[in-house]
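Contents: one structure, followed by commentary.
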Amino acid sequence: MQHVYLDNNATTPLLPEVFEAIRPYFAERFGNASSIHQQGQQARSAVERARESVAELLNCRPAEVVFTSGGTEGDNLALFGMLQPGDHVITSAIEHHAVLNSSHRLEQMGCAVTYLPVDGRTMVDPDDVRRALRPETKLISIMMANNETGVLQPVDEIGKIAAEADVYFHTDAVQAAGKVPVDVKQIGCDLLTISAHKIHGPQGVGALFVRKGTLLQPLLYGGRHERSRRAGTENLAGIVGLGKAAQLARAGFSNGSVARIAGLRDRLETTILRSVDQVAVNGAGAPRVPNTSNISFDCIEGEAMVIALDLKGLSVSTGAACSSGAIEPSHVLTAMGLSADRARGSIRFSLGKQTTTEDVDFALKLVPEVVARLREISPVYNKVHA
Ligand code: PLP
């Protein structure tokens, strides 16, 4: 059976080149990067080459790259590493839970947190950031691209506000990297998170950019790895994979790969809008990453649609989270003002480098069929259309 994967914001498949780059590090090149013998030196130089590739992707110095276990750790390190009880942090209502739940914990520890609202396109208003500043504000943490809608936040402007106010700025760029250029100098941020598995690298590895001179407390204590910013023997194979994925992500802007994905996403979106009634694109009209399309289908339960599509061979996702058996509407979609029902009827389609024209054709054939079938059995739809 054909199976098409359009859930690349959840995770991406390893590119074959990444797999080939990693393979020897599970076998003959097994050294510990801290050892002084040849195997150790070989591992060290592989880690440092990967650091250079990540630095090139982000336009920073290699020494400013700290390898982590992924996006969640990068976000935690940025927040807990910078903040002390009594400090104030400004974040937004639409952050990933890696930032939101860290912020809740920081509140319990005695920090003050401002959660900025967003507009109807899931965009933060930079003026709100300015207005939320207090004398005790230490950090602003606003994501670069939202994982559900793909909407890009005005991080360049926020970076300027942070610099003027002499406040540190962290941005979670997990969903932006590889999709739009991520340049820490242009953004003017002090900290920036990326994760390998969102850019066709392996799961369980990522990096945090830490601007030179930024005093960051580590989360983990142990050896002096990563210049004492992250203790623990380096995840050698993972880091090599991240380095290769970063190289390929960077190349994607000049070799047509990103533009190709943008074309496919646009065709998917416009065709669904034409072929299915009572649908709306969430975040439409805002700048968005080129691979993501979040669509609300009226009178549809998103979970039911995900299951029905999966049975027919198409993997997509809802923004909804299932906790204790109840389906909670997405915090992102409710923050932009969608009703709980509308938010529950939203589906995220996210494309990757492996997505083909045929994959999109397959989705375009299936989606209208499944929507029609679900609406046929929907009491709400039938009442409205009786
Ligand atoms: N931040 C954002 C915006 C994400 O989309 C994700 C993953 O979905 C994360 C952080 C967490 O990254 P990881 O899965 O590498 O821990």
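Points to keep in mind about this one:
- Neighbour net charge for MET143 - beta-carbon separation under 12 angstrom, K R +1, D E -1: -4
- Mean silhouette area of the chain, derived from the convex hull of its C-alpha atoms and averaged over all directions, reads 20.1 nm².
- Nitroxide proxy distance, nm - points 7 Å out along Cα→Cβ at LYS365 and ILE36: 6.5
- Peptides 52-64, 14-26, 221-233 ordered by packing proxy, namely the average of other Cβ atoms within 10 Å per residue, highest first: 52-64, 14-26, 221-233.
- Cα radius of gyration and Dmax for region 91-140 (Å): 11.2, 32
- Protection proxy ranking of 145-151, 27-33, by the mean of other Cβ atoms within 10 Å over each peptide's residues and highest first, is 145-151, 27-33.
- Take 203-214, 250-261, 115-126 and order them by the average number of nearby Cβ atoms within 10 Å per residue, most first; the result is 203-214, 115-126, 250-261.
- Compared with the alpha-carbon gap, the fully stretched path from GLU136 to ARG227 is longer by 29.9 nm at 0.36 nm per residue.
- Dividing the alpha-carbon radius of gyration of region 19-175 by the rule-of-thumb value 2.2 N^0.38 Å gives 1.24.
- Counting Lys and Arg as +1 and Asp and Glu as -1 over every other residue whose Cβ lies under 11 Å from the Cβ of ILE347, the net charge comes to -2.
- The lysines within cross-link reach of LYS179, meaning a Cα-to-Cα straight distance under 30 Å and a gap of 8 or more places when in the same chain, are LYS138, LYS160, LYS198, LYS212, LYS244, LYS312, LYS353, LYS365.
- Furthest towards positive pole of dipole, SER228, LEU83, VAL155, structure part the chain, Cβ charges: SER228
- Rg in Å to one decimal, and Dmax rounded to a whole Å, for region 10-57 via C-alpha atoms: 12.5, 39
- Distance from region 13-85 to region 203-271 (C-alpha centre basis), Å: 9
- Dividing the helix sum by the residues of the chain, where each DSSP H run of 4 or more adds -39500 (n - 2.57), gives a mean residue ellipticity at 222 nm of -12500 deg cm²/dmol.
- Helix 302-311 vs. the chain, principal-axis angle (Cα, 0 to 90°, nearest 10): 90
- Simple Cβ-charge dipole of region 215-334, Lys/Arg +1 and Asp/Glu -1, about Cα centre, in debye nearest 20: 840
- Mean separation of Cα contacts under 8 Å (6+ apart) over length of the chain, as relative contact order %: 22
- Difference of contour (0.36 nm per residue) and Cα-Cα distance, ALA284 to ASN101: 63.1 nm
- The long axis of helix 38-58 is offset from the longest Cα principal axis of the chain by roughly 50 degrees.
- Taking other residues whose beta carbon is less than 9 angstrom from the beta carbon of PRO126, and scoring Lys, Arg as +1 and Asp, Glu as -1, yields -2.
- Intensity falloff of region 211-281 expressed as log10 I(q)/I(0), Debye formula with alpha-carbon point scatterers, at q = 0.25, 0.27, 0.28 Å⁻¹: -1.08, -1.11, -1.13
- For the chain, the longest principal axis of the Cα atoms and the long axis of helix 257-275 meet at an angle of about 20 degrees.
None of the figures in this text is laboratory data; all of them are computed from the coordinates on show. Keep in mind that what you see is a predicted model, and the values were worked out from it rather than measured. A quick note on method: Cβ atoms are made from the backbone with ideal geometry, for glycine too, and the neighbour counts reach across all protein chains shown.
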